[in-house]
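The values are calculated or read from the model by the stated rules, or taken from the named source; none is laboratory data. Model, not experiment: these values are computed from the prediction. FYI the Cβ positions are ideal-geometry reconstructions off the backbone, even for glycines, and counts take in every protein chain you see.
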Ligand code: UDX
């Protein structure tokens, strides 16, 4: 008698940082909903934080033994707020610990396929010879990935390294972006010496995408279709399945979802928002990694207070670089904040962006934040900090028309003025384009939408891998 084969077993391996763990957990739950078995590799620090600050552990137990965390011990646990620190983590700390672990898991755990964060190339080498297909998942936008991928071409064409200091010079040889891309919009690594380790690593790993069995992108065709087509010339097997957080909500309509925060959420901000008029509040957050100097903090603070708008501002414990004894806050800022501001350490961001009182988002344009803002139809004011954020913010302003980009400035007058333009002078224009994009984002993850169809195709393809390996 034939016995039913066990469901495919997928090993998921994110890079250990908030934006990566968060979106790969969403993917995990979508695959669990499709009846696959999942093992999720996670650093001890992130595992502990999820246990302390979320209900994710109990939430995932409802998949009745089909999900487990596999905890990685011994990883670097310090901050990753610079290109260099990220680079050391990717090239050194992580592979040292993860290579032997992966080797064992691939041999002993009947893995059908490995879905690995495409910021790391070494799992492809580990999987070689095991017969286990490796799928890359990129937590960044297609436009950022395409820019990373194209760096060697930009060097050949002479766009890189920059000649002279004019960052407004056009980049004319990046296919699909010729009309609007400037030097300053390229990923931050491109501004440094081309031999720099981070840039070399980014180029190397992005090129390795062609070695992966497939590429998953947390984006949707209506947003980035033309750029996805560019990547497809080199990596034919792409699944655009985002925005993942909206996709998960669409597929688990009647059930509760869990926050995947690695920081403790302060929910009092929702009560504060409840008292505010519709679309009146500026929400300010720079994600999980950005740090600012005290001078930059003061420029933002003055700009926010002087704009006259109510503001909800996430100030993580480690946001400001140097705490010295001269942290006295000017009287007018204290008063302005008492009247109109609310500052917290970490918020439930998806809920905040969905709140009717929020009228705009001052963001670093990390890709998760950008997608979350798009889904809720919230116009953006961009202050990109590093890596992919520079190009995301260019797309926000110049391509999607969802807001204004303040990159490379940090001046209280510009901040005040930009807030007023987005929330007053051009308010209706930005709201209309944000509403339009939000509609497309919701359609794509529901039945008949492109991301919805692509996820079904992915699940079927993984099931076929399972059949092939039996
Ligand atoms: C960075 C990158 O810039 C991003 O593009 C890349 O893919 C991963 O590394 P990060 O700085 O964490 O990520 O930003 P972002 O991608 O926006 O992710 C932050 C996440 O934290 C979002 O999902 C957001 O909802 C959440 N968040 C942020 C909260 O839940 N509460 C907060 O107070 C702030």
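Quick look at the values:
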{"item": "Test result for residue 91, in a helix (DSSP H, G or I), free of Cβ contacts under 8 Å to residues at least 12 places away in the same chain and in contact with a helix residue (DSSP H, G or I) (Cβ under 8 Å, 6 or more places away or on another chain)", "result": "no"}
{"item": "Unique residue being away from the ligand (no atom under 16 Å from the Cβ) and assigned to a helix (DSSP H, G or I) when the list is 301, 272", "result": "301"}
{"item": "Only listed residue being at pLDDT 90 or above, touching a helix residue (DSSP H, G or I) at 6+ places or on another chain (Cβ under 9 Å) and closer than 30 Å to residue 446 by Cα, chosen from 233, 267", "result": "267"}
{"item": "Out of 61, 55, sole residue that is modelled with pLDDT under 95, surrounded by fewer than 22 Cβ atoms within 10 Å (Cβ to Cβ) and more than 16 Å from the ligand (Cβ to nearest atom)", "result": "61"}
{"item": "Failed criterion for residue 387 (all others in (1) touching a helix residue (DSSP H, G or I) at 6+ places or on another chain (Cβ under 7 Å); (2) modelled with pLDDT under 95; (3) more than 10 Å from the ligand (Cβ to nearest atom) hold)", "result": "(3)"}
{"item": "Output for region 353-380, where each listed residue is touching a residue at least 60 places away in the same chain (Cβ under 8 Å) and within 17 Å of residue 303 (Cβ to Cβ)", "result": "359, 360, 361, 362, 363, 364"}
{"item": "Residues satisfying the stated conditions in region 137-179, i.e. part of a strand (DSSP E or B) and more than 16 Å from the ligand (Cβ to nearest atom)", "result": "170"}
{"item": "Odd one out for residue 265, checked against (1) farther than 24 Å from residue 383 by Cα; (2) within 13 Å of the ligand (Cβ to nearest atom); (3) not in a helix (DSSP H, G or I)", "result": "(1)"}
{"item": "Residues of region 289-331 classified as within 21 Å of the chain's Cα centre (by Cα) and more than 16 Å from residue 353 (Cβ to Cβ), total", "result": "9"}
{"item": "Every residue from region 385-417 that is closer than 25 Å to residue 297 by Cβ and without any contact (Cβ under 8 Å) to a residue 60 or more places away in the chain", "result": "396, 397, 403, 404, 405, 406, 409, 417"}
{"item": "Of the criteria (1) under 24 Å from the mean Cα position of the chain (by Cα); (2) in a loop (DSSP other than H, G, I, E, B), which one residue 63 fails", "result": "(1)"}
{"item": "Enumeration of residues in region 277-336 that are in contact with a strand residue (DSSP E or B) (Cβ under 7 Å, 6 or more places away or on another chain), under 14 Å from residue 412 (Cα atoms) and modelled with pLDDT under 95", "result": "294"}
{"item": "Count - residues of region 256-271 that are crowded, with 19+ Cβ neighbours inside 10 Å and more than 19 Å from the chain's Cα centre (by Cα)", "result": "1"}
